[in-house]
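The values are calculated or read from the model by the stated rules, or taken from the named source; none is laboratory data. Keep in mind that this is a model prediction, so the values were computed, not measured. Neighbour counts are summed over all protein chains in view; Cβ atoms, including those assigned to glycine, are modelled from backbone coordinates with ideal geometry. All accessible areas refer to the heavy atoms of the entire protein, side chains included, with ligands and DNA or RNA removed. Shrake-Rupley method; radii C 1.70, N 1.55, O 1.52, S 1.80 Å.
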Amino acid sequence: MGTRFAGCLVVMVGLLSGGCTHILPAPPLPVEIAPPLSETPPLAEGHGRVVVDVADGPTRVLQVERQSGRYVATGVMCESPCFFDLPYGHYVFGFRSRGRSYRLETSEVEVGETPMVYRFALGRYDAAGPAVPLGIVATTLGGMAFITGAALLPIGLAKDLDGMTLAGGITLAAGGALTTFGVVTIVINPTVRQPGVWVRFPLP
């Protein structure tokens, strides 16, 4: 019984700590309004123009590279709103999401003959709160105490041992309360994710 409960407890703590994530709906699509730009030079042969704007306000546009199967930021390209004159082709731009934690948002950009505006609304990322480790410890210790109490109480009752019965009851109650506290602490401090969105339209 105790071994089975301990196994279930380990699985529960793992699922709570790693899987308690809230996915928020994406923000509304940005309005298709091209930002004002300073004087722009004429385009070179084989180059296209991309204007980058962020509805949330001036934001660093990050240079990203694919490393070990994922994109990582390697530098800052500009502060939005800004524009790029690039050879025709596909590119990937990066942004830092809103929220208290760092998360790199990436977007593929196509550069062609027609100058285009890419306007972004950033997503949000809040990693699990700092109380989560406390919740994990409380759940683990509470579960161990619960198992101990659950073992002592029946023995004390069966053998009419008042001391063991009292110890088992106290340990069982304390373990249950501590486990509940730990689970609640983990649940109310979830990771929050919100995807970003963007619109693409020709530059007027």
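The residues of the chain expose, per residue, 57 Å² of accessible area to a 1.4 Å probe. Between Cys20 and His90, the distance separating the two model label sites (each 7 Å from Cα on the Cα→Cβ line) works out to 3.9 nm. For the pair the stretch 27-42 and the stretch 86-122, the centres of their Cα atoms are 13 angstrom apart. Take the Cα of Leu134, go 7 Å toward its beta carbon, and the backbone nitrogen atoms of the stretch 148-187 under 15 Å from that spot belong to 178-187.
Among Asp162, Asp126, Asp56, the largest mean-square fluctuation in a Gaussian network model of the chain (Cα springs under 10 Å) belongs to Asp162. Among the DSSP helices (H) of the chain, those spanning at least 27 angstrom by Cα along their long axis with an average Kyte-Doolittle hydropathy of 0.0 or more are 132-158, 162-187; this is a geometric and hydropathy rule only.
Rolling a 1.4 angstrom probe over the chain with all protein chains present gives an accessible area of which 63% lies on carbon and sulfur atoms.
Farthest towards the positive end of the charge dipole of the chain, among the residues Cys82, Leu152, Leu104, is the Cα of Leu152, using unit charges on the Cβ of Lys, Arg, Asp and Glu.
Applying both filters, DSSP loop and at most 16 other Cβ atoms within 10 Å, to the GluC sites (Glu not before Pro) of the stretch 104-203 gives Glu113. Between Glu45 and Ser101, full extension at 0.36 nm per residue minus the direct alpha carbon distance yields a gain of 16.0 nm.
Here the contact order of the stretch 80-181, divided by its residue count and restricted to Cα pairs under 8 Å and six or more residues apart, works out to 22 percent.
Measuring between their Cα centroids, the stretch 58-85 and the stretch 145-163 lie 62 Å from each other. Of all stretches in the chain that contain no chymotrypsin sites (Phe, Trp or Tyr not before Pro) in a DSSP loop with at most 12 other Cβ atoms within 10 Å, the longest one is 103-204.
FRET efficiency for the Ala34 to Tyr71 pair, using the beta carbon distance and R₀ = 35 Å, is estimated at 0.85. Per-residue accessible area (protein heavy atoms, 1.4 Å probe) orders His22, His90, His47 as His90, His22, His47, starting from the largest. The structure shown yields percent of Cα pairs over 31 Å apart, and of the options [x] 46; [y] 10; [z] 17 that calculated value carries the label [x].
Remark: the chain carries a charge dipole of roughly 660 debye about the Cα centre, counting +1 on each Lys and Arg Cβ and -1 on each Asp and Glu Cβ. Accessible area of Val31 (1.4 Å probe, protein heavy atoms only, ligands and nucleic acids ignored): about 90 Å².
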